[in-house]
Each structure stands twice: as structure tokens, then as C-alpha cells.
Amino acid sequence: MKKHSPLQGWLNRTDPLCSFIKLENRPANHEFGGFLGIDLVVPVHESIGLAPETLENTWQTVNKYVISALELIDSDEPLWLDKEEVQMIKETLGEPPTFCYPIYIFSAGDNNNERPVYIGRTSSSTSRFSNGHIVCTKLHHPQYKGMSKRLYLGTVVLLADDKEYQPLEWVHPFKKAIETLNSVEAQLIYDLKPELNLHHKNKTNVTIPITPIHIQNFTEQTDFLNDYMCFPP
């Protein structure tokens, strides 16, 4: 499983960092929609080994990395880095922190019969899966006998007014990032109505609608939910 970083384009010298530095001038535009990028998938029985992660920890780590990098190269607005600056940053700070994968989806079935059975979001510094998620127990029900059972992890990316990508880790203030994450979870549950979820299926609990959420499956293992458009209620 390979995780990606929202800062990788900057350090690869393919994108400037102005989109991060000037956040006050380019807030996320929820009417442009957003993306749920599913990068990681594991069989449910392997989920117990997943490390804990939260949006708060990743948000703080990404911001700290950028601030430290700017201090290191003595720059306020590094639109582009040169090779020497990239080398200095990586030698001093290491590789950039990866995306947080705060949305997870349990599924059952295969190919065209694979369906989401539970959608949730990580919100704790301890892994939801280390001691066995309650959904894992419910998937032992006879109705799921013989089915493949998987856990997918996704990251959330929005669009700014200039149609450029706006990872959730770049949304300021942090309170707005959390509110957006909560709305993404509620919107997905309301639209897909996974059978093991108890909340959000029958009531609109979306405070920040995103029109639409485009789900993209990059796992290269299945086509589950790939190119699915999830519209707000």
C-alpha cells in the first residue's frame, strides 16, 4: 500500500506552493465539487494491522513541515523550488508527510456485486481497527458467508475558485476542515445508504454540501465505486 503526499508536487518541482501559502485568497469552492480518492484497500482480516491516523494530526504535521521548510530556505512565498532547496528540505526534514485517509468504506461482494456496507471516518489517535472494528464482527453474519470483504481508505480533495486542487489538509481554519470531513461522511452515507450504518441514511446532516463528490478508485485491485458521483441531498 503506497500513500501519497499533498506536498509531493511541490518537492518534485512540478507545482508551486502558492495554493498552500495563500489559503486566505483561495478558499475551497464546494459548488465545484470534490474528490474522494481511494488509494488503499486491504482484506478486512488485515485491517487490524493498520496504523492510527487522524485528520488533525496530519493537518498539523503538513502545516509544520511547510513552515519549517520556509524557514529553512528563508522564503515567504516559494512559488517554485530549485534543486538545491529541495535537497536541503529533504535532508533536514525528511520526506513530506502523506495524506490522511480519514474516510473508510467496508464492502462485501465482488465485481459488479460488490457493495458498500459501512462508511465511517477516523477520529481518534488510536486505530479504529487495532482491536477489531464492530463491523468486522457483523460481517460474520451468515448473510455475508462466501463473500469477499474489503476495507477501502480514501482521502478528500476539494477544488478552489481557480479550479486547482485543495487537499483537506490545506483547509483553514482547522475547524472548517473538520466540518467539511463530517459533511463528506454524511453525504456519502445518505447517498449510498450502506446497510450497517445507523446514522445519516434517512436524514440530511450535511452542513457543507459538495456538488458532487467524485469517487475515484486508484487501488488497481478493484473497480469498486470508481467514477461514482455522489450528490448532496
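Nothing in this text is a laboratory measurement; each read-out follows from the coordinates by a stated rule. Given the structure is predicted, the values throughout are model-derived calculations rather than measurements. In this analysis, Cβ positions are derived from the backbone assuming ideal geometry, glycine residues included, and neighbour counts consider all displayed protein chains.
Scanning the chain for GluC sites (Glu not before Pro) in DSSP loops with at most 16 other Cβ atoms within 10 Å, what's the longest stretch left with none?
Values: sites that count: Glu164, Glu195, Glu220.
Between the exposed loop sites, the longest stretch runs 1-163.
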Practice item. Note the angle between two axes, namely the Cα long axis of helix 55-73 and the longest principal axis of the Cα atoms of the chain, as a number of degrees from 0 to 90, rounded to the nearest 10. Key: 20
Check your understanding: For the stretch 134-224, with only Lys/Arg (+1) and Asp/Glu (-1) charged at the beta-carbon, what is the dipole magnitude about the Cα centre, in debye rounded to 20?
Key -> 580
Study note, to complete from the structure: For the chain, whose charge dipole is built from +1 on Lys and Arg Cβ atoms and -1 on Asp and Glu Cβ atoms, the candidate among Ile67, Gly37, Tyr104 with its Cα farthest towards the positive end is Tyr104
Review point. Roughly how big is the chain's charge dipole about its Cα centre, with Cβ charges of +1 (Lys, Arg) and -1 (Asp, Glu), in debye to the nearest 20?
Key: 1200
Review point. Hey, what do the phi angles of the stretch 164-171 turn into as Karplus ³J(HN,Hα) couplings, whole Hz, using 6.51/-1.76/1.60 and θ = phi - 60°, x for Gly and Pro?
Key: 8, 5, 9, x, 4, 5, 9, 6
**Study point:** Placed amide H near Tyr228: partners under 5 Å, 5+ positions off or other chain
**Key:** Ile215
Exercise for review: Output ³J(HN,Hα) for the stretch 203-211: one whole-Hz value per residue in order, computed from phi by the Karplus curve 6.51 cos²θ - 1.76 cosθ + 1.60 with θ = phi - 60°, and x for Gly and Pro.
Suggested key: 9, 6, 10, 8, 9, 10, x, 10, 10
**Study point:** Mean residue ellipticity (222 nm) of the chain, computed from DSSP H runs ≥ 4 via -39,500 (n - 2.57), nearest 500
**Key:** -8000 deg cm²/dmol
Check your understanding: Using the alpha-carbon atoms, what tilt in degrees (0 to 90, nearest 10) does helix 83-93 show relative to the longest principal axis of the chain?
Key -> 60
Revision key, fill the gap. Karplus ³J(HN,Hα) for the stretch 220-232 (6.51 cos²θ - 1.76 cosθ + 1.60, θ = phi - 60°; Hz, whole; x = Gly/Pro) runs 6, 10, 9, 10, 3, 6, 5, 6, 6, 9, 9, 9, x
Practice item. In Å and from the alpha-carbon atoms only, list the Rg and Dmax of the chain. Key: 18.6, 61
